[in-house]
Amino acid sequence: GDSASKGKKGNENIYPSLMGGGGGGMEDVVKRVKTVEYQQGVLDFISRIDQESRRLSMNILNPEPLGQNLQNYAQLGCAIFNNNNNNNVQKSNFTTDDMRQLWSSHLSPILEASKHTDDPNFTHKNWTKTLLKSLSPFTLMDNIQNTNNGGRPMNPQHAERILGILTKRILGLMQQLSTPTTNTNNNNIIGNLESIAPPLRIAVVGGPTVEGMGCRRSRVEIPHGSIMANPSFCAFPYRLEQFINGILLPITVRERLAEWTGIATNNNDNNDIKTALQGFRMVEVLNLGEEGTNSEFSTSIVRNRMYPPFGKGMPGIGGLTYGGGPPDVIIHAYGIDDFGRDVKEDMSPFYKAVRKLEKQRDRLEYEAVGSPSKQKCRKEDAKPPPIVISAVLEETSLGKETSSSRSAMTAILGDALDDAEEGELTIPKLAHVGDAQSEEGGAFGMAGHLATSWVLAFDLAYAAINHCASIRGKDPLPPAPLPFSNNNNDNNDYTNPRCDNGIDSPCIFSFLAGPKGTASRPSAIASSLKPYVVENTGWQPESDMTAGFARKTGLVGTGDGAALTLLFRNITRPVRRFDVVTLRSTSSLWKDGLAKFVIVTGGDFSHGSEIAEASSRSARETSFEISAELIVEGRRTSGSGGDQHISYHFGLDLEDGQNSADLGTDVLVRIILTNGSKFKILGLMLCE
């Protein structure tokens with residue numbers, strides 16, 4: 001269809017003014033933008049991006065390198081955005097006052113996008129309205145500006161990458177929908193895009209609040225049978241995904257897009273296309289929050305890329321599956337919760353790990369691992385490390401080691417949460433307060449989770465709009481994207497499997513147990529161990545609920561002296577890091593456990609006893625012990641009562657003691673239960 005004309009009224013762009021009024025500040029009269037106006041503006045924006053990309057012959061359905069510079073896509077999106085709002089965004093720095101007015105003028109579409117996916121009748125509408133009215137636009141952007149980024153909310157390279165991913169996603173959708181097909185399986189309309197133009201993928205790490213504990217505390221009833229009763233689908237990570245997708249691509253817009261395109265002409269009808277588009281997401285958010293963990297636990301996940309292969313969604317509500325692999329953005333939200341002594345927060349290792357990944361990739365060319373002919377790798381063929389955003393309750397949470405300079409952006413939530421929770425107090429208490437509404441745990445209830453999703457989304461929007469304003473007038477015609485490299489000459493084999501692609505785990509052996517790990521069942525742990533076991537007396541993968549759902553699965557040693565020996569022969573990549581995750585508990589069943597870990601590197605144990613004995617002179621041994629006892633000093637580690645449990649992480653840099661393992665050598669790991677009757681290992685990682 002003539003999509004361009006549908007976004008205009010005569011020669012006048014009917015996209016509503018970003019600023020509402022004259023754009024001069026909060027004193028101006030704010031024009032209230034209706035939901036239907038906003039949706040028409042989104043349609044016009046998408047249509048113009050589609051037209052301009054065709055003029056520039058930007059065919060994104062061809063494969064591009066994983067680390068493709070996305071500047072061309074970001075510039076395209078910004079050029080259309082700036083042109084659509086030419087009368088309102090004339091300056092190079094979009095101020096916080098401008099953004100506050102933007103919020104105030106768009107309360108109607110914000111309300112619509114805030115509807116929970118499993119609340120089709122919007123029974124929470126009045127409750128949501130109350131929270132919106134109580135939330136001051138001044139607290140939304142509390143100290144958002146990061147002075148380390150030249151007064152801008154986010155490093156320009158990070159903002160550019162986020163915008164590039166989103167613009168490319170829109171282009172991919174339009175090009176896919178505009179390509180006639182005889183395929184009657186309309187799910188493939190979306191599925192084909194996931195590897196070519198995937199959504200912006202965000203992971204949220206944190207403790208019990210991120211996991212969703214306490215989210216059901218509210219002065220509004222949860223609809224009967226709603227997935228909101230499940231903490232994961234009540235918590236702010238899920239709401240953030242739904243809200244951003246509802247803002248960027250409202251359901252009405254998706255329906256209009258299906259009517260515009262030519263795909264329905266061949267063995268498809270519009271209703272089928274609309275159904276397929278209901279599950280289409282511009283953004284995916286993966287909730288990796290887990291009570292009883294700390295920042296160092298998540299550090300091992302990020303450093304070793306131990307992300308789950310997929311995240312389960314809920315059928316029928318638009319929640320498909322997480323695409324897997326490292327995310328584009330990580331929201332570090334451990335600053336929200338306060339734990340006891342054993343899990344006291346120290347975010348420094350997390351930021352150091354991400355910075356190290358960035359430095360490794362920033363080398364323009366590096367030698368492929370173990371390449372016999374000095375083959376080179378290039379950073380464009382590796383997915384960039386995730387952009388880190390910090391979420392804290394108050395600015396005082398940021399010490400020297402956790403300052404905003406360590407992350408791309410810091411969202412300070414406290415004042416906005418106070419506004420929302422105070423607004424909720426104006427609503428009468430429920431007549432019958434059940435267990436859900438009075439549950440313990442978590443830093444805040446449902447109102448706080450909804451407000452957190454608003455703050456995070458709006459801070460990201462501010463970074464995006466500010467970036468577009470900063471490049472106004474700069475090269476509106478994006479350069480051609482970098483072609484996919486298939487160069488196979490001896491010195492520059494960029495497709496060599498020894499080159500790091502930024503996605504695969506850099507480990508010769510690894511597993512992380514649990515519902516959000518890489519091995520959710522005992523059989524998965526057993527499969528990982530089987531090729532390397534040379535001795536086992538008393539260690540078995542098990543699943544039990546004595547330590548709670550999050551830590552039900554693990555490798556369990558039973559009986560005094562239980563021993564497990566793993567031998568990794570002729571390793572194909574160096575081993576410089578050893579990470580262990582274990583259960584710590586106050587329970588009498590577990591707390592007396594003590595395990596000794598021994599790692600031997602530099603030896604040859606694969607070619608007979610004589611060679612093994614000879615190599616023992618040069619072999620290097622490292623050992624340490626880990627206790628299973630959790631010591632709690634007057635503070636609960638969870639709100640569930642009774643015994644308490646945490647996931648304890650211990651990491652060892654083998655290079656520090658010159659005990660790293662080189663290519664082609666053997667690595668031996670031995671684990672012995674030296675005290676107590678039981679010990680549970682939740683994760684093991686031998687990594688480069």
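Couple of notes before you dig in:
- Listed pairs Lys129/Lys429; Lys352/Lys552; Lys34/Lys168; Lys31/Lys129; Lys356/Lys516 exceeding 20 Å between Cα atoms: Lys352/Lys552; Lys34/Lys168; Lys356/Lys516
- Residues Glu629, Glu241, sorted by accessible area with the largest first, give Glu629, Glu241 [1.4 Å probe; ligands and nucleic acids excluded].
- Length gained on full extension, Glu613 to Ser195: 145.5 nm, using 0.36 nm per residue less the C-alpha separation.
- Taking each residue as 0.36 nm, the span from Ser588 to Asn230 lengthens on full extension beyond its C-alpha to C-alpha distance by 125.9 nm.
- At R0 = 51 Å, FRET efficiency that the Cβ-Cβ distance of Glu37 and Asn59 yields, to 0.05: 0.95
- Taking amide H atoms as placed 1.01 Å from N in the peptide plane, the amide H of Phe509 lies under 5 Å from those of Leu686, each 5 or more residues away in sequence or on another chain.
- FRET efficiency estimate (nearest 0.05) - Cβ-Cβ, Ser178 to Ser348, R0 51 angstrom: 0.55
- Computed FRET value (nearest 0.05) for Asn83 with Leu111, which takes r as the C-beta separation and R₀ as 25 Å: 0.35
- Distant-in-sequence amide contacts of Met409, defined by a placed amide H-H separation under 5 Å and a gap of 5 or more residues or a different chain, comprise Ser390.
- The residue among Thr665, Gly593, Leu686 whose Cα reaches farthest toward the positive pole of the charge dipole of the range 529-688, with charges on the beta-carbon of Lys, Arg, Asp and Glu, is Gly593.
- Total charge dipole magnitude, the range 493-594, about the Cα centre, Cβ charges on Lys, Arg, Asp, Glu only, Debye to nearest 20: 180
- A simple spin-label model places the labels of Gln278 and Glu625 5.9 nm from each other, with each point 7 Å out along Cα-to-Cβ.
The values are calculated or read from the model by the stated rules, or taken from the named source; none is laboratory data. No experiment lies behind these values; they were computed from the predicted model shown. Reconstructed Cβ throughout: ideal geometry from the backbone, glycine too, with neighbour counts over all protein chains shown. Just the protein is used for accessible areas: all its heavy atoms, side chains included, with ligands, DNA and RNA removed. Shrake-Rupley method; radii C 1.70, N 1.55, O 1.52, S 1.80 Å.
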